[in-house]
1. Please determine, by comparing only the residues of the stretch B:149-175 that are over 20 Å from the mean Cα position of the chain (by Cα) and open to solvent by less than 10 Å² (accessible area, probe 1.4 Å), which one is nearest to B:Lys210 (Cα to Cα).
2. So if I check each of A:Ala16, A:Ala27, which one is in contact (Cβ under 8 Å) with a residue 60 or more places away in the chain and either open to solvent by less than 60 Å² (accessible area, probe 1.4 Å) or within 30 Å of B:Ile203 (Cα to Cα) (or both)?
3. Just name the residue that is farthest from the chain's Cα centre (by Cα) out of those in the stretch A:63-101 that are more than 14 Å from chain B (Cβ to nearest Cβ), closer than 16 Å to A:Val131 by Cβ and within 11 Å of ligand 2 (Cβ to nearest atom).
4. Among A:Phe54, A:Phe34, which is the only one that is more than 10 Å from ligand 2 (Cβ to nearest atom), assigned to a loop (DSSP other than H, G, I, E, B) and under 16 Å from the mean Cα position of the chain (by Cα)?
5. Hey, any hits in the stretch A:29-39 for a residue that's in contact with a strand residue (DSSP E or B) (Cβ under 9 Å, 6 or more places away or on another chain), aliphatic (A, V, I, L, M) and within 9 Å of ligand 3 (Cβ to nearest atom)?
6. Tell me which residues, restricted to the stretch B:188-223, are more than 14 Å from every other protein chain (Cβ to nearest Cβ) and open to solvent by 20 Å² or more (accessible area, probe 1.4 Å).
7. How many residues are among the polar types (S, T, N, Q) and more than 28 Å from the chain's Cα centre (by Cα) when one looks only at the stretch B:218-268?
Amino acid sequence: MLASTGVPTRVDIEKAFPNEVRMNQGAAAVIECFQNIPCNPCYTACNRNAIKEFQDINDLPLIDHEQCNGCGLCISKCPGLAIMVVDMTYSEHEGLLKIPYEFIPLPVEGDIVRGLDRSGKHMCDVKVVKVLNTKYLDRTPIISIAVPKEYIHNVRNIGMGD
Amino acid sequence: MKYTDVLIIGGGPAGLCAAISAAEAGCKVLLVDRNRSLGGQLVKQTHMFFGSEKQYASVRGIDISKILLNQIHDKENIEILNDTTILGIYEDGVITAESSGIYMKIKVKSTIVATGASEKTLAFPNNDLPGVYGAGAVQTLMNEHGIKPGKNVLMVGAGNIGLIVSYQLLQAGVKVAAIIDAAPNIGGYLVHASKVRRSGVPIYTRHTVKQAYGKDELKGATIHKLDENWNPIEGTEMDLDIDVMCIAVGLSPLCELLWQAGCEMKYMNELGGYVPLRNERMETSIPGIFVAGDVGGVEEASSAMVEGYLAGINAAQSIGHTVCNIEEKKKDLHDQLHALRSGPVGTKIREGITQLQTVLEAAASSSL
Ligand SMILES: Cc1cc2nc3c(=O)[nH]c(=O)nc-3n(C[C@H](O)[C@H](O)[C@H](O)COP(=O)(O)OP(=O)(O)OC[C@H]3O[C@@H](n4cnc5c(N)ncnc54)[C@H](O)[C@@H]3O)c2cc1C
Ligand code: SF4
Ligand code: SF4
C-alpha cells in the first residue's frame, strides 16, 4: 500500500504508463503522482498542453499521452521527482528511461549501474546512455538509462557504489 | 528608543513577505530576526517547493529566500536588525529587544509576529543521549554548516520533515537505516516518501521507539510495532545499529511573545498546539498585533508567504497607509490561501483556522 509503505502498487504504476500502442511509438512521460496535494508546476512546465489544466491546485495531474512527445521538460520541474520519460523504441531489447537523479557522484555515459525498483531493490543492471545537467535543469540532472524491456515497469532508480 | 511604523518579528518566509507588503504600502518597516542571516527555515531547504508559480513552486527553498531578500534590499523603507531577539511586547506599543548583547527598546505603531515554530520532542528511555537530535537541527548542521551528523540514522516521523531530511541525509552520503512512524499511514507527501523509498530506505508505519541505548553516546535503538490501539506488540522488537536518531514528530508554534502580550490563545491539535485567535485580517485579539506563518498554526512556506503579504497590507492599512487596488490585492491573497488549503491535506488546517476566526468574531460581537 502506497500510503503506508511509499511504494505504489503494480496497478498504480501500470495506469501511469502510456498504453501499449503509444509505448511503441516513442518517448512519453510517466507521472506517478497519486495524492491530491497543492502543487501544479508539471502543468505549467508543459508547453504542448499534454498535461491538462488544473481546475484546482490540488487536482491530480492528467496527462494525454497523444499530445505528449516525451520532451522531458516537466521532469526537473516536479518537486516530487514523480515524472520520468519512457521510450520503448530505443532498441530491440531495451527501453530508455529518463529519470531525475539528485545524488553525487553523477554516473558517466557508458557506466553500468544497478537498476533499482520502487523499493530500492536491485532488479537488473542498466547502462547509462546520457547524463544531462544543464542550467534549465537547475540541479535536478536527468539520467537516461537503457533498461531490458521486461524490467521497464520495475526500474525507477539507479544505484552506484556499494 | 527606536521608532518604526511596523515591526516585524521573525525573518522567515512569513516575515519577509510581511515586510515587503507593508513597505510597498509606504510604511517604515523594521524587520528583526534573532539569527545572523534572514530566511528562517528556508535557508536550509535545498529541495524544490510545492505550490503554484505565485508561491515559487519548483524553486528550492534556499533560492526563494534569495528572491525575497533581493526584494527587501531594494526597498529603502525597510531596516533590518539581525542577531536581535525580541523579548517582550507591552501595551503602550513599546517592544524590548536584545540586539547583539545590547538591551534596547522600540516604539511601534503596529507589530507582526512571525516567529515560526519549534520542534516537538518525544519521550523514551535514554532520549537524552548525544546522537539523539531534532530533525531540523540535523538539517541545519548539514545544509547550513556542512557537517555530517553521523553514519547511520534512524528517522522518527514520516511527515514531510522526516521524509525530506532523510532524503537530504542520503544526498549527503549518510545512510538512513529506517523511517518509522507511529501512525498507520505516512503523514508527509507520498511523492517524497516514494523518493526515499526507491533509494532503499524502509518506512515502517505503526512503529515507535522502545528505547535508545549507549553509555556516553547513542549506540543503537530498539523499535517495536504498535497495534490498532497504539499499544506495543510484544515480540516485534527490532534492534537497529545506529549512531544518530532524528526526531521529526512535528512542530509547535513559537508563541511565547503572544502569550506575554496577552493575546487570546486556543489549543488546536491540528495547528500544532496553542495558537492565537485572529480575524481575517490576521489581527489577534489585541489590536495592532498581527500574526503570519507557522506561529499562527504549523503549515507550509507557501501559505506562510501569502499570510505574510496579508498581514503586511492589513497592518499598514490599520495605521492609515494604503496601496492602489488594495481590496483586489487582498482578495487575490485570500483566494490563494483558500486554494492552497482546499485539498484533503489542507482540510484540518482550514477547519482549525475557521474555528479561530469564529471564536474571535463571537467574542468581539459579545462585547458590543
Ligand atoms: C525540513 C522541512 C522541510 C520543509 N519543506 C517545505 C516545503 O517543501 N514546502 C513548503 O511550503 N514548506 C516547507 N516547510 C515548512 C516551511 O519551512 C515553514 O512552514 C515556514 O518556514 C514557516 O515560515 P515562518 O516565516 O512562519 O517561520 P520560520 O521560517 O520558522 O521563521 C521564523 C523566524 O523567526 C525568528 N524568531 C523567532 N523568535 C524570535 C524572536 N523572539 N525574536 C526575533 N526573531 C525570532 C527565527 O529566528 C526565524 O528566522 C518545511 C519545513 C521543514 C522544517
Ligand atoms: S514530456 Fe514534454 S510533452 Fe510530455 S508532459 Fe512532459 S513537458 Fe509535456
Ligand atoms: S509537479 Fe509533480 S508532484 Fe506536483 S502535481 Fe505535478 S506530478 Fe504531482
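The values are calculated or read from the model by the stated rules, or taken from the named source; none is laboratory data. Here the structure is a predicted model, which is why all the values come from computation and not from measurement. FYI the Cβ positions are ideal-geometry reconstructions off the backbone, even for glycines, and counts take in every protein chain you see. Heads up: the accessible areas ignore ligands, DNA and RNA and are worked out on the full protein's heavy atoms, side chains in. Shrake-Rupley method; radii C 1.70, N 1.55, O 1.52, S 1.80 Å.
1. Restricting to residues being over 20 Å from the mean Cα position of the chain (by Cα) and open to solvent by less than 10 Å² (accessible area, probe 1.4 Å), the top hit is B:Leu154.
2. Working: A:Ala16 fails: in contact (Cβ under 8 Å) with a residue 60 or more places away in the chain.
Of the residues listed, the single one that is in contact (Cβ under 8 Å) with a residue 60 or more places away in the chain and either open to solvent by less than 60 Å² (accessible area, probe 1.4 Å) or within 30 Å of B:Ile203 (Cα to Cα) (or both) is A:Ala27.
3. Top of the filtered list is A:Gly72.
4. Only one candidate qualifies: A:Phe34.
5. Residues of the stretch A:29-39 in contact with a strand residue (DSSP E or B) (Cβ under 9 Å, 6 or more places away or on another chain): A:29-33, A:38-39.
Subset that is aliphatic (A, V, I, L, M): A:29-31.
Next, only the ones that are within 9 Å of ligand 3 (Cβ to nearest atom) stay: A:31.
Scanning the stretch A:29-39, I find at least one residue that is in contact with a strand residue (DSSP E or B) (Cβ under 9 Å, 6 or more places away or on another chain), aliphatic (A, V, I, L, M) and within 9 Å of ligand 3 (Cβ to nearest atom), so the answer is yes.
6. B:Thr208, B:Lys210, B:Gln211, B:Tyr213, B:Gly214, B:Lys215, B:Asp216, B:Glu217, B:Lys219
7. 4
Each row is one residue, and each column tells you yes or no for (1) touching a Phe, Trp or Tyr at 6+ places or on another chain (Cβ under 8 Å); (2) assigned to a loop (DSSP other than H, G, I, E, B); (3) under 30 Å from B:Ala14 (Cα atoms); (4) among the small types (Gly, Ala, Ser).
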residue: B:Pro184; (1), (2), (3), (4): no, yes, no, no
residue: B:His192; (1), (2), (3), (4): yes, no, yes, no
residue: B:Lys195; (1), (2), (3), (4): yes, no, yes, no
residue: B:Ile223; (1), (2), (3), (4): yes, no, no, no
